[in-house]
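Peer 1: First, the structure itself, so that you have it in front of you.
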């Protein structure tokens, strides 16, 4: 049987979700998404044209019949803004499955968890299915799940940083206790980062800048497609123990991440 | 055009070379190699039966017509032993392209570089095509190339450790100056390690324990196949710059490896 | 002029704060604290006897005339419990400067930020001076400061883990925006961890298990004393740029943490 | 009893050895060395004036009566050059205890181990006491010790890089098997790097750029003095085990370096 995962009652084979912004053109956007093998694309409702038929629309390049659209609230710094943005998106495209992010102020653009809780509550009450971007905080993550969020999306690293997964212990902690899917969102810079995130046991990875800001976005999309498959397969296969024969009294098995 | 690489005049598509030892059975060996997509397999001449037709032979499970056999000198701790071992292998199977390793004493099993130079000289004089396992030492690497070695194979980490690439700066240094292929050999533990090694620009990765000692060797072989493709594609695509907006005066681009 | 720091109007020379629990005996507690050079000690009100004169009391070994006592709420998992605990402590010893921690459930023992906000508000309203243990979340940290907390104490790593500073980018982000002192609290395992935390610009470091669970707590106290001085001095001195001559086009300056 | 170490029959309290070059002035050199607490200073014979009384001489600022001078062969790329340089130094100042380094070509400036062995043999035959800079290669390190070198000085990272200790496993391996002192030489960038090197069990640390290229060399010298004391004390005290309660089946104790 194929390895697959499910969120909000929908089943997917690809464990890579990609953004639709920051590319040089809509053509490049479409080509990269195609190459990535993603089945879900996330759309910054405030930044991408999905409603004005008099201008080039994302839908013309990335057909919603082929891809599951996941509207997101990039650019929203308050719960109110985030909720309003997703209501407008639902009216425009009927999208009910959404990605919530409420960010703190620049320059850090870290999740504003108080605003996130407030918005999540309002959206769930309004019958949205909320996938939620959040800090790598296992207490907050569990609470968001208990509120009814359908997926937990802790940050790997700061948005747009390409720094990789900063705190693998917390990502793994969040996954260990979760009954809904856990996706690493933000921070992924290159293929080994994506593979590493999957090796922690996550259900999927979401990325955008890693493709859009690569020198060759389509080439990097191919890389990420394979990286996510690789990391998932390695997780399922169960890696060899880490050990160093020179020091048998100091096993290093169980260590997450790299030595040194 | 397909991405491929060449060693000693032979061209390969797969950038993953796998060992043939440490598996539970020859059936598992064969299945793992098949799943890995490898075109070259390395054979510990002293440990695997490749010459006695009265016992199960590797060739019956891993056909030399399908895979390029790369005899190696695992278990040899002197130049003399290594040279003798490869001469016997050449007599047995006609193999001329070989992997030389001369290891220091346990428990560290680090390459004995003096012995390695001595054996490389003798083998090259005897018309072998020598792929050489070595320390992550760019001076030694260059000298081995100038002697006529056809590929340089610096260690990522200690043999059998699964600790990943300890010193990415040196691996990259070795690659930057090399005119022959550079392969990371030893230390790879899981998929993200293999992807990371390829992202450094290496031509290929060699591993054995990472498959044989995984809980599911065949599953890990699939993981590694994709990991190497992913890392290579990411290297070619040119990753996004690392940056952290909170600290624009301190670019982190160029950094190898992970933050923290 | 001496380097010093100030919290809630009190000035200290030592940048090391140590706990008083988990030692084998009160004698060992006292000796370790003495060796550490700490001027502030933190006391788990629920776990250490500071009120019953019929049993050995911490005050008999660690004189409050010599050390600033900082009562903490270790073991409290709700805001209500934390507030009550600190009120009892204030009644017992008159302590107004306190360390608030509200932890989520085992096994993760991560800060419960919602409970932390609730307790901080109640304590500040009740005229406590609150030093607050929190997630490495710059949005939450700023909000706690704006509420009136007198020091922000983000976790370096999980409590009792000895894993070091997991996410130096976030610790530095929190420090960059703070107008009150920032202390790394939890996760420090050995001297280099403490030095590293101080090199990020933090005002002080708090630790407990690193001393109490070392093989020689007094020896480790000496180590930590010097480590904090070293890290502070290095931060003030301004470290050399990271660079690797082999790759002049890829400066690694600005990178936090170690290579590889 | 004081903690001290011995090389070639001489006993020292300070475990920090510092260079004398790359400073802005000889005054700054002297002030930094004084602040560092070093008892041994290493002198690049080819770069620092130690013989011409008509120009400012190092000895006028850093008195050889107070500090043990350790002439080194910086700038020598062949065994012959290194041997000649140290013979000239011995004639000039009577120095018999020396630091040998034979470097490969730019840009990597990695130790040329073949040249190092050749020079070490010649120097030992000529009654020098040779402290030897080398690769982090335990086989070569053992052989240098067996030849008669009085101290082994593996590189932490590339010379002048400030990248820290790249491969702690190999440094520890070298130390574990050595009967002569092991010093980490090169790569140290800041205080936590020096503490970390000492936590691996090394006998001492040698650095130069970390002071000379800091914004405030004297301040950094103070930092390094404390860092080395801290790392040594932590090593002797025996650090707490690394562990993460969330994952009791995966102990991380024994891991060298930081998580993630």
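Peer 1: Is the shape of the stretch C:18-237 rounded, prolate or oblate, going by the alpha carbon gyration tensor and its root eigenvalues a ≥ b ≥ c, with a/c under 1.5 for rounded and a/b larger than b/c for prolate?
Peer 2: Details: a/c = 1.59, a/b = 1.03, b/c = 1.55.
It comes out oblate by the Cα gyration axes.
Peer 1: Right, something else. Calculate for chain D the 222 nm mean residue ellipticity that helices alone would give, adding -39,500 (n - 2.57) per DSSP H run of length 4 or more and normalising by residue count, nearest 500 deg cm²/dmol.
Peer 2: -11000 deg cm²/dmol
Peer 1: Just need the relative contact order of chain C here, percent rounded to a whole number, with Cα pairs under 8 Å and 6+ apart.
Peer 2: Over chain C, the number comes to 17 percent.
Peer 1: Order by neighbour count: D:171, B:124, C:159, fewest other Cβ atoms within 10 Å first, most last.
Peer 2: Sorted ascending by nearby Cβ count, the order is B:124, C:159, D:171.
Peer 1: A follow-up question, please. Once both labels are modelled 7 Å past Cα along the beta-carbon direction, what's the residue C:54-residue B:11 spacing in nm?
Peer 2: Using points 7 Å along Cα→Cβ, the separation is 9.1 nm.
Peer 1: Would you mind listing the distances between the residue A:64 label point and the same position in each other copy? Use 7 Å along Cα-to-C-beta, nm, one decimal, shortest first.
Peer 2: Taking the point 7 Å beyond Cα along Cα→Cβ, the inter-copy spacings are 6.2, 6.6, 8.5 nm.
Peer 1: Run the numbers for residue D:96 and residue D:81: contour at 0.36 nm per residue of separation, minus the present Cα-Cα distance, in nm.
Peer 2: So the extension gain works out to 3.7 nm.
Peer 1: As I understand it, the value is the acute angle between the Cα axis of helix B:26-36 and the longest principal axis of the Cα atoms of chain B; what does it come to in degrees, rounded to 10?
Peer 2: Rounded to the nearest ten degrees, it is 40.
Peer 1: Treat the count of other C-beta atoms within 10 Å as a stand-in for reagent exposure and order D:225, A:66, C:142 from fewest to most. Working shown, then result.
Peer 2: Details: D:225 24, A:66 10, C:142 20.
Ordered from fewest to most neighbouring Cβ atoms within 10 Å, D:225, A:66, C:142 come out as A:66, C:142, D:225.
Peer 1: I would also like to ask the following. Determine the percent antiparallel among the DSSP beta bridges restricted to the stretch B:18-237, to the nearest 5.
Peer 2: 5 percent
Peer 1: If we hang a label 7 Å off Cα along the beta carbon direction at residue A:78, how far is it from the matching labels on the other copies, in nm, shortest first?
Peer 2: Label-point separations across copies, in nm and ascending: 3.3, 7.6, 8.2.
Peer 1: Under the rule a/c < 1.5 gives rounded, and otherwise a/b versus b/c splits prolate from oblate, where does the stretch D:1-103 land using the Cα gyration tensor?
Peer 2: Numbers: a/c = 1.75, a/b = 1.19, b/c = 1.48.
Note, shape of the stretch D:1-103 comes out oblate.
Peer 1: Quick one: if the Förster radius is 22 Å, what FRET efficiency do residue C:25 and residue A:176 give, using the C-beta to C-beta distance and rounding to 0.05?
Peer 2: 0.05
Peer 1: Going by how many other beta carbons lie within 10 Å of each one, how would you line up D:102, B:150, D:182, fewest first?
Peer 2: Numbers: D:102 27, B:150 21, D:182 24.
Result, fewest neighbours first: B:150, D:182, D:102.
Peer 1: Taking only Cα atoms, what is the 0 to 90° angle, nearest 10, from helix D:138-147's long axis to the longest principal axis of chain D?
Peer 2: 40 degrees
Peer 1: Here is a follow-up. Can you tell me the orientation of helix B:217-237 relative to chain B, as the angle in degrees between its alpha-carbon axis and the longest Cα principal axis, to the nearest 10?
Peer 2: That works out to roughly 50 degrees.
Peer 1: Something else now. Tell me whether the protein assembly as shown comes out rounded, prolate or oblate; compute the Cα gyration tensor, take square roots of the eigenvalues as a ≥ b ≥ c, and use a/c under 1.5 as the rounded threshold.
Peer 2: Oblate.
Peer 1: From the label point of residue C:215, set 7 Å along Cα to the beta carbon, how far off in nm is each other copy's matching point, shortest first?
Peer 2: 3.4, 4.0, 5.0
Peer 1: Something else about it: Along the Cα→Cβ direction, 7 angstrom out, place labels at residue D:146 and residue A:215. What is the inter-label distance in nm?
Peer 2: That separation, rounded to one decimal, is 4.6 nm.
Read-outs: derived from the displayed coordinates by stated rules, not from any lab. Everything quoted here is computed from the prediction, not taken from an experiment. Don't worry about glycine lacking a Cβ; one is built from the backbone with ideal geometry, like all the others, and counts go over all protein chains shown.
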